[in-house]
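Working notes for the structure below.
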């Protein structure tokens, strides 16, 4: 499948599945692949704009609107595939009010790594800036242009001066993405590290969402 536009919402399915996954657009490609792997999907998927990585103040209201719009449909389960993602606990507060579960973890870097493994690396990685497959593909738009570094390169040290390494958390083994990630590290003046994670806890959580045991 083609990648999801970082600026847009994207919906997959016809509203007839048993489970609705409300997700960050940065996870959409991987979620579609995981849910289609077994043949006929049990899932509809509704993705919010991936560019909200840079503007997390939009996430809570965006997810709430998706939940309310889904209430009129006959889903057996609605599951949110977002970490806290910079909402400062407000996403969890809203989901508690709506009685909706989400994937465990503070952000996608943690559940791609596996939350336990991420916690083990957390102290060592305090000065690490992470990329995933999606963020690597869209580095130019989401990071370089999204943080206005294309127009104001003097901001580079303000954003990245406290980082030492760029860590590419790879979901797939892709030489082209590795080269893009290495080049991104060079542009950000950071050392480069590659870690293959696969889908980590994302795959397990989607399977649990199908049964309503989250």
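What follows draws every value from the coordinates through simple rules; no lab data is involved. Because the structure is predicted, anything quoted here is derived from the model rather than measured. Neighbour counts are summed over all protein chains in view; Cβ atoms, including those assigned to glycine, are modelled from backbone coordinates with ideal geometry.
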* Structure fact -> In a Gaussian network model of the chain with springs linking alpha carbons closer than 10 Å, the residue among 126, 60, 81 that fluctuates most is 126
* Asked: Which residue fluctuates the most in the chain, going by a Gaussian network model with Cα springs under 10 Å, if the choices are 124, 64, 102?
  -> 124
* To do: Write down the Å³ per residue value for the convex hull defined by the alpha carbon atoms of the chain.
  => 122 Å³
* Structure fact -> A correct fewest-to-most ranking of 99, 66, 204 by other Cβ atoms within 10 Å would be 99, 204, 66
* Structure fact -> Simple SL model, points at 7 angstrom along Cα→Cβ for residue 154 and residue 74; separation in nm is 6.2 nm
* To do: Taking 7 Å along the Cα-to-C-beta vector as the label spot, tell me the residue 14-residue 141 distance in nanometres, rounded to one decimal.
  => 2.9 nm
* Nearest 10 degrees, 0 to 90: helix 201-211 Cα axis against the chain principal axis -> 10 degrees
* Hey, what angle do you get for helix 59-70 against the long axis of the chain, alpha-carbon based, 0 to 90 degrees rounded to 10? -> 20 degrees
* **Burial ordering of 117, 94, fewest other beta-carbon atoms within 10 Å first** => 117, 94
* Comparing 179, 203, 57, which has the greatest mean-square fluctuation in the GNM of the chain with Cα pairs linked when under 10 Å apart? -> 179
* **Least to most buried among 197, 136 (fewest other Cβ within 10 Å first)** => 197, 136
* Asked: In percent, what relative contact order does segment 29-91 have, based on Cα pairs under 8 Å that are 6 or more apart in sequence?
  -> 30 percent
* Structure fact -> Of all DSSP beta bridges having both residues in the chain, the percent classed as antiparallel (nearest 5) is 10 percent
* **Nearest 10 degrees, 0 to 90: helix 175-187 Cα axis against the chain principal axis** => 50 degrees
